[in-house]
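Readers should treat all values here as calculations from the given coordinates under stated rules, not as data from a laboratory. Note that this is a predicted model, so its numbers are computed, not measured. Here the Cβ is made from the backbone with ideal geometry for all residues, glycine too, and neighbour counts use every protein chain on show.
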Amino acid sequence: MNESTLTIDAQDVHLSYGQTPALRGVSLICRTGESVALMGPSGSGKSSLLHCLAGVLRPDGGQLTVAGARLDTLSERARSQLRLSRLGMVFQFGNLIPELTLLENVMLPLQLLGERAVAARPRALALLGRLQVAEVSTRLAGEVSGGEAQRAAVARALVHEPAVLFADEPTGALDTASADRVLDSLLGLARETGSTVVLVTHENRIAAHCDRLLSIRDGVMVAHDAVTG
């Protein structure tokens, strides 16, 4: 496979918490623009792997290249800058800043990257409109429904068109109808921007929306399967 088509290339990644191994030689590759579901039981290592891929944790061993950067050799400061400029993250409970409006939350990544508010505002508002939450864009994040907040979290993660979007149980706290809207928005917009998606989920129904399924157990990758939506 041509290296230029890869957004993630992880080889023999190890991670331990003290004496407890979390990842034991995990290897995987993700092509540019594909969506990958990562599944496994509680304690399998899937969240640890996601945090290594997102540059939150540095692995103890192995090689890990994400969006053209060797994360296993970067400093914490350099990993933070990469997360800001090239990566996006959606968490189970959104993690929006409750004291800010939805619009201000979505504008924030652009402003941290140096974009002026006058330019960031229309970009953020247009994306909220695509996600059908523009009508509540001026409400505080803590005052909207869970589904509205999660769609705003998707907008915040994608507003700077990241190379990789990481999603950690992004629909786990939502009812089925809201979950489907959030997932369709997330994957649809990511395809438009060419972002690779790595999505942690415990639901087969959610995983079936992705291009490929990776299964992990006891810190080891045990299956690579194609899935159909």
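Remarks
- Pairs of alpha carbons in the stretch 1-61 separated by more than 14 Å make up 58% of all such pairs.
- Taking the charge dipole of the chain about its Cα centre, with +1 at Lys and Arg Cβ atoms and -1 at Asp and Glu Cβ atoms, the residue from Ala78, Pro59, Gly18 reaching farthest to the positive side is Ala78.
- Spatial offset of the stretch 8-59 relative to the stretch 137-205 amounts to 21 Å, using the alpha carbon center of each.
- Residue-averaged 222 nm ellipticity for the chain, from DSSP H runs of 4+ at -39500 (n - 2.57), nearest 500: -10500 deg cm²/dmol
- Folded to 0 to 90 degrees: helix 176-193 orientation relative to the chain principal axis, Cα: 80 degrees
- Ranked by how many other beta carbons lie within 10 Å on average, peptides 136-143, 149-156 from highest: 149-156, 136-143
- Calculated log₁₀ intensity ratio I(q)/I(0) where the Debye formula runs over C-alpha points of the chain, q = 0.12, 0.17, 0.18 Å⁻¹: -0.63, -1.23, -1.35
- Distance between modelled label sites at Ser27 and Thr5, nm, 7 Å Cα→Cβ extension: 1.9 nm
- Taking Ile216, Ile29, Ile206 in turn, the Gaussian network model of the chain (Cα-Cα springs below 10 Å) assigns the largest fluctuation to Ile29.
- Angle between the chain longest axis and helix 102-112 axis [Cα atoms, degrees, rounded to 10]: 60 degrees
- Spin-label model distance (nm) - Arg58 vs Glu161, 7 Å beyond Cα toward Cβ: 3.2 nm
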